[in-house]
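Report on the following structure.
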Amino acid sequence: MKILLGVTGGIAAYKALELTRLFVKAGHQVQVVMTSGAKEFIQPLSFQALSGHPVRDSLFDANQEAGMGHIELARWADQIVIAPASAETLAKLRMGRADDLLTTLCLATDRPIMLAPAMNRLMWRNAATQENVAVLKQRGLDILPPASGEQACGEVGEGRMPEPQAIFEAVMHAEKARLQTQQAGSELKAFWQNKALLITAGPTYEDIDPVRFIGNRSSGKMGFAIAEVAAKAGAQVILITGPVALPTPEGVKRIDVRSARQMFAAVQQHYAAADCFISAAAVADFRVEQPASQKLKKQQDVEEMTLTLVKNPDIVAWVAAQDNKPFVVGFAAETNDVVDYAKDKLRRKKLDMICANQVGEGQGFERDDNALTLLTETSEKVLPTMSKHELAGALLRFVSQSMQG
Ligand code: PMT
């Protein structure tokens with residue numbers, strides 16, 4: 001791997017020498033970029049001797065620009081690591097400043113960036129630093145939490161740079177995870193490219209009157225995550241969704257509906273062209289028989305009100321009963337005996353596969369993570385708690401294996 005190691009001004013800069021040695025010993029190529037602050041603490045020559053490359057430190061160096069310009073240096077790297085990353089560097093990265101070589105490189109790259117912050121404990125705890133860290137994390141930078149202990153300034157607390165071995169291992173781990181994700185992405189593409197996938201997501205709303213409705217607790221996140229991952233893998237995705245507050249994933253055709261009957265009509269229109277139908281929506285089993293056309297008034301002295309509910313069509317069971325049915329995947333949201341109830345639904349609705357999830361307070365719906373048990377008549381796979389996007393990838397892999405027999 002080609003590693004661009006940024007060293008910024010801080011007493012921990014000397015530890016970056018050991019980090020360079022660990023990378024080189026493991027067979028990686030290292031080029032070091034130092035800020036002017038870093039050079040106050042340590043000699044560039046030491047890094048040059050360990051890395052076998054001259055240290056880069058200037059944005060405007062005629063000699064170096066003639067050889068490898070700063071943009072080329074950004075392209076050269078597979079991974080950028082900044083250790084130590086000073087409070088100043090975090091602030092500059094957050095602002096998108098480009099007033100030295102290191103920050104310019106970070107702006108001019110699409111490669112992964114890992115930061116190992118190191119500073120005085122109060123500087124680390126300062127709201128400005130914490131906010132900078134939060135924003136950088138949100139933008140996808142890997143930030144290693146600093147260690148706790150005695151600091152060079154004599155104080156004790158959080159802010160020490162993690163040991164070089166720990167940073168080395170974190171970089172290797174991140175690289176392995178990236179390769180696995182890439183491989184998983186290619187596997188998904190191999191199957192899903194140009195497959196037609198129909199997905200339902202979100203709740204349905206069954207109106208009582210123009211202002212009230214009966215609904216289900218579903219944010220749509222699970223179904224939208226499946227749609228997004230499948231579209232990235234090249235599938236032609238149609239997503240039929242109940243009322244949710246989520247943006248449409250790129251490359252996905254979205255159809256908005258409100259009630260179960262509207263969802264049913266949209267599914268009836270599109271199921272025949274689909275290779276696979278995934279029913280992640282939380283469909284209301286019943287609707288109000290006679291929704292009022294005007295807002296129902298609260299009548300004085302009336303303590304009870306009765307609504308007559310009638311059954312909604314079972315959308316997924318209907319698709320599974322068609323002669324020209326696609327591969328049909330249902331979900332089972334249960335609060336107890338999750339797998340048993342799911343197996344029963346798999347058989348009763350004649351599905352090819354069902355994804356069982358436990359729902360309730362703090363589980364299943366509305367959250368960004370979930371856990372699923374995937375079931376077919378002959379196989380079972382437990383997916384522990386992970387992000388709904390990760391689950392979507394694992395689920396689509398399992399579906400592709402099941403579809404291929
Ligand atoms: O949207 P999130 O906040 O991310 O939450 C995700 C989820 C918990 C809603 C999702 O993972 C999930 O479990 N969806 C299905 C919820 C549900 O309604 O389960 P059910 O056990 O009631 O229904 C079983 C299956 O029949 C489901 O595939 C459902 O879509 C389908 N169904 C149900 C009733 C009906 N009238 N028509 C249907 O098609």
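Below, the figures for the structure above:
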{"quantity": "Residues within the range 342-373 that are at positive phi, more than 7 Å from the ligand (Cβ to nearest atom) and open to solvent by 70 Å² or more (accessible area, probe 1.4 Å), tallied", "calculated": "1"}
{"quantity": "Tally, over the range 314-324, of residues that are open to solvent by 40 Å² or more (accessible area, probe 1.4 Å) and either away from the ligand (no atom under 16 Å from the Cβ) or closer than 24 Å to residue 220 by Cα (or both)", "calculated": "4"}
{"quantity": "Selection within the range 378-393 - touching a strand residue (DSSP E or B) at 6+ places or on another chain (Cβ under 9 Å) and either without any contact (Cβ under 8 Å) to a residue 12 or more places away in the chain or open to solvent by 50 Å² or more (accessible area, probe 1.4 Å) (or both)", "calculated": "380, 381, 382, 384, 385, 390"}
{"quantity": "Residue 51 among the hydroxyl-bearing types (Ser, Thr, Tyr), assigned by TED's automatic domain parsing to the domain that holds residue 160 and in contact with a strand residue (DSSP E or B) (Cβ under 7 Å, 6 or more places away or on another chain)", "calculated": "yes"}
{"quantity": "Check on residue 186, under 18 Å from the mean Cα position of the chain (by Cα), of a type in the set (S, T, N, Q) and open to solvent by 10 Å² or more (accessible area, probe 1.4 Å)", "calculated": "yes"}
{"quantity": "Members of the range 202-253 found to be touching a residue at least 24 places away in the same chain (Cβ under 8 Å) and of a type in the set (D, E, K, R), listed by number", "calculated": "206, 207, 209, 212, 217, 221, 228, 232"}
{"quantity": "Residue check for residue 159: at positive phi and buried (at least 18 other Cβ atoms within 10 Å of the Cβ)", "calculated": "yes"}
{"quantity": "Test: residue 332 is assigned to a helix (DSSP H, G or I), hydrophobic (A, V, I, L, M, F, W, C) and surrounded by 21 or more Cβ atoms within 10 Å (Cβ to Cβ)", "calculated": "no"}
{"quantity": "Every residue from the range 286-308 that is surrounded by 14 or more Cβ atoms within 10 Å (Cβ to Cβ) and within 16 Å of the ligand (Cβ to nearest atom)", "calculated": "286, 287, 288"}
{"quantity": "Test set (1) within 12 Å of the ligand (Cβ to nearest atom); (2) in contact with a His (Cβ under 7 Å, 6 or more places away or on another chain) - residue 221 fails condition number", "calculated": "(2)"}
{"quantity": "Given (1) touching a helix residue (DSSP H, G or I) at 6+ places or on another chain (Cβ under 7 Å); (2) in a helix (DSSP H, G or I), number of the condition residue 185 does not satisfy", "calculated": "(1)"}
{"quantity": "Failed criterion for residue 328 (all others in (1) in contact with a Lys or Arg (Cβ under 6 Å, 6 or more places away or on another chain); (2) modelled with pLDDT of 95 or more; (3) not hydroxyl-bearing (Ser, Thr, Tyr) hold)", "calculated": "(1)"}
{"quantity": "Top-ranked residue in the range 231-250 [being touching a strand residue (DSSP E or B) at 6+ places or on another chain (Cβ under 7 Å) and under 23 Å from residue 189 (Cβ atoms); ranked as farthest from the ligand (Cβ to nearest atom)]", "calculated": "236"}
{"quantity": "Candidates 213, 191, filtered to the one that is farther than 19 Å from residue 267 by Cβ, within 16 Å of the ligand (Cβ to nearest atom), at pLDDT 95 or above and not small (Gly, Ala, Ser)", "calculated": "213"}
{"quantity": "Given (1) free of Cβ contacts under 8 Å to residues at least 40 places away in the same chain; (2) hydroxyl-bearing (Ser, Thr, Tyr); (3) within 13 Å of the ligand (Cβ to nearest atom); (4) closer than 30 Å to residue 211 by Cβ, index of the condition residue 279 fails", "calculated": "(1)"}
{"quantity": "Residues of the range 194-210 that turn out to be closer than 19 Å to residue 239 by Cα and within 16 Å of the ligand (Cβ to nearest atom), as a count", "calculated": "9"}
{"quantity": "Count of the range 325-341 residues which are within 12 Å of the ligand (Cβ to nearest atom) and in contact (Cβ under 8 Å) with a residue 40 or more places away in the chain", "calculated": "5"}
{"quantity": "Subset of the range 225-265 (residues that are closer than 27 Å to residue 289 by Cβ and either open to solvent by 10 Å² or more (accessible area, probe 1.4 Å) or among the charged types (D, E, K, R) (or both))", "calculated": "243, 244, 255, 256, 257, 258, 259, 261, 262, 264, 265"}
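The values are calculated or read from the model by the stated rules, or taken from the named source; none is laboratory data. The structure presented is a predicted model; accordingly, all values stated were derived computationally and were not measured. Glycine gets a Cβ as well: all are built from the backbone with ideal geometry, and neighbour counts include every protein chain shown. Heads up: the accessible areas ignore ligands, DNA and RNA and are worked out on the full protein's heavy atoms, side chains in. Shrake-Rupley method; radii C 1.70, N 1.55, O 1.52, S 1.80 Å.
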